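Since every read-out is calculated from the coordinates, none of them should be taken as a lab result. Keep in mind that this is a model prediction, so the values were computed, not measured. Counting neighbours? That spans all protein chains shown, and the Cβs are built from the backbone with ideal geometry, glycine included.
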Amino acid sequence: MRPAPAVLSLLLLLAASPAVPAQEAAEPAPPTQPQDAPAPADPAQDADAPVPADPSGSRIPLAEIQRYVAVYRAIKEAYVDPVDDRFLMQSAIEGLLMDLDPHSAYLDKAESDSFDEQTTGAYEGIGVELQQQQDRTLKVVAPIDGTPAARAGVLAGDVIVAIDGKPIAQVEGSEPLRGPAGSKVTITILREGRERPFDIEIQRETIRVTSVRSRMLEPGYGYVRLSTFQADTGADFRKHLDELQAKAGGRLRGLVLDLRSNPGGLLTAAVQVADELLDSGAIVSTRGRVPASDTRFDATAGDRLGGAPVVVLVDAGSASAAEVLAGALRDNGRARVVGSRTFGKGSVQTLLPLGNGDSVKLTTARYYTPSGRSIQASGIVPDVELQPDPKLTGSDAPATVAGTVSEAALPGHLRGDEEEDEGYRAGSPLPGDAPIAAALAELKRLAATAAVPGPRRD
């Protein structure tokens, strides 16, 4: 596969905030001046001179700066208690990003350093992908496979309202669910279909995320589970695929690719996986305000499965890079999508490092599937729709009620092209083995169809 162009550090992260960064990997941006950063101010510009109108929007409006200084002085002089200058400045900086969209954020040095851990998939905590909401409660995007949160029964769409008995607003620290391995934490959860909040006690562990798992479902039919997209996911996928092919006697009859509750991760990793299953065609493109944000990834020759049918299994927790992969395979006619509508995160974030070790995570582009469609706030609708098992979700509510597990439900989200289409309904989490069985049944149907010879032409 061709190496990805290094024009921008692209990462597709499901959710992060200054308080709770998403537990996903990020590609570090180059140390040089970011191409999409505002131009530095002219040192010769008189600070008190009027600033002429600038259609590019690159100049800082003097009137707004003066308004900010007036508010700053009022707080310093009249607030009931003394306020530290650093606190006020930090709050102002975070405020610049807070209302842009749910995924742009200011990351301090500790939060920026955590991205290195996420790239390797090792940290201490409970193993859950979170999105902070405006009321500071934490929405679960997805529990990570094999982690304490997943084993304890935490589901995509759960809302954490308290930690160790304290409401979220009273919890201090930038990463409240992380802590030493072996320590315990109690989270209070609100779940669709249940009348009251309930507690779950979880023991923290060192989370070493294995992004790829595989097994044979039946002779000739393989199964690969991708739980996230890390730096080594592409290479691991290729290795697992080769092992499955060997077990099948050299060639699989078909593959179930499970992307349920996969919150995303590195865009380049998703591109690598797609390239292993495509012989040609576009994979994904990104478009932003500046040319450096416009990129396109294409498949290189060589389908590792030799055209054997593929079924992609998704649900409401499938987001970002997982949606890129599902969209690429379907738009190229390479796979059928089975499950529930995906999350609908179709934006690209760029990590811009600052000189003090902090970073700005800024939404810089939207991504588009090979057909040219943006899935922002609409997600991918499966070809075959499945319904959740109430026994596994702990809810007796119908699937139509579980409408909060989506990008469209996040306050301040970027508007999507198809967001207000008639009949829109958010997806649902699909835990358990029943969806795998349904995907396998669809895969066998595809394999049988592919095996039927067409009309002979002499």
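Sorting H413, H103 from the fewest to the most surrounding beta carbons within 10 angstrom yields H413, H103. The range 133-189 and the range 190-215 have Cα centres separated by 9 Å. Note that the range 375-388 has calculated 3J(HN,Hα) couplings of 9, 4, 6, 10, x, 9, 8, x, 6, 10, 8, 10, 10, x Hz, one per residue in order, obtained from phi through the Karplus relation 6.51 cos²θ - 1.76 cosθ + 1.60 (θ = phi - 60°); glycine and proline are x. Candidates G306, T364, L277 compared by Cα position along the dipole of the range 274-370: farthest toward the positive end lies T364, with charges placed on Cβ.
Ranked by the mean number of other Cβ atoms within 10 Å of their residues, highest first, the peptides 313-325, 199-211 fall in the order 313-325, 199-211. Each of V212, V171 was scored by other Cβ atoms within 10 Å of its Cβ. Listed from fewest to most, they are V171, V212. Using DSSP to call loops (not H, G, I, E or B), can you name the chymotrypsin sites (Phe, Trp or Tyr not before Pro) in the range 68-143 whose Cβ has at most 14 other Cβ atoms within 10 angstrom? Passing both the DSSP loop test and the Cβ count: Y79. Within the same chain, lysines fewer than 8 places from K361 are excluded, and of the rest, those with a Cα less than 18 Å from its Cα are K109, K345. Taking a ≥ b ≥ c as the square roots of the eigenvalues of the Cα gyration tensor, the range 293-348 is oblate, since a/c reaches 1.5 or more and a/b is not larger than b/c. Evaluating 6.51 cos²θ - 1.76 cosθ + 1.60 at θ = phi - 60° for every residue in the range 200-217, the Karplus couplings come out as 10, 8, 10, 9, 5, 9, 6, 8, 10, 6, 8, 6, 10, 9, 8, 6, 8, 7 Hz, glycine and proline recorded as x.
For V284, the amide hydrogen comes within under 5 Å of the amide hydrogens of F297, counting only partners 5 or more places away or on other chains and with H modelled in the peptide plane. Farthest towards the positive end of the charge dipole of the range 166-273, among the residues L267, Q245, T206, is the Cα of Q245, using unit charges on the Cβ of Lys, Arg, Asp and Glu.
Going by the alpha-carbon gyration tensor, a ≥ b ≥ c the square roots of its eigenvalues, is the range 197-260 rounded (a/c under 1.5) or, if a/c is not under 1.5, prolate (a/b greater than b/c) versus oblate? Taking the square roots of the gyration eigenvalues as a ≥ b ≥ c, the range 197-260 is prolate. Straight-line reach only, C-alpha to C-alpha below 23 angstrom: list the lysines that K391 could link to, leaving out same-chain residues fewer than 8 apart. Output for K391: K139.
For the range 231-297, the list of trypsin sites (Lys or Arg not before Pro) that fall in a loop by DSSP and count at most 16 other C-beta atoms within 10 angstrom reads R251, R289.
Sorted fewest first by neighbouring Cβ atoms within 10 angstrom, I75, I380, I189 come out as I75, I189, I380. Rounded to the nearest whole Hz, the Karplus-based 3J(HN,Hα) values (6.51 cos²θ - 1.76 cosθ + 1.60, θ = phi - 60°) of the range 131-142 follow the sequence 10, 6, 9, 4, 8, 6, 5, 10, 8, 7, 6, 6, with x at glycine and proline.
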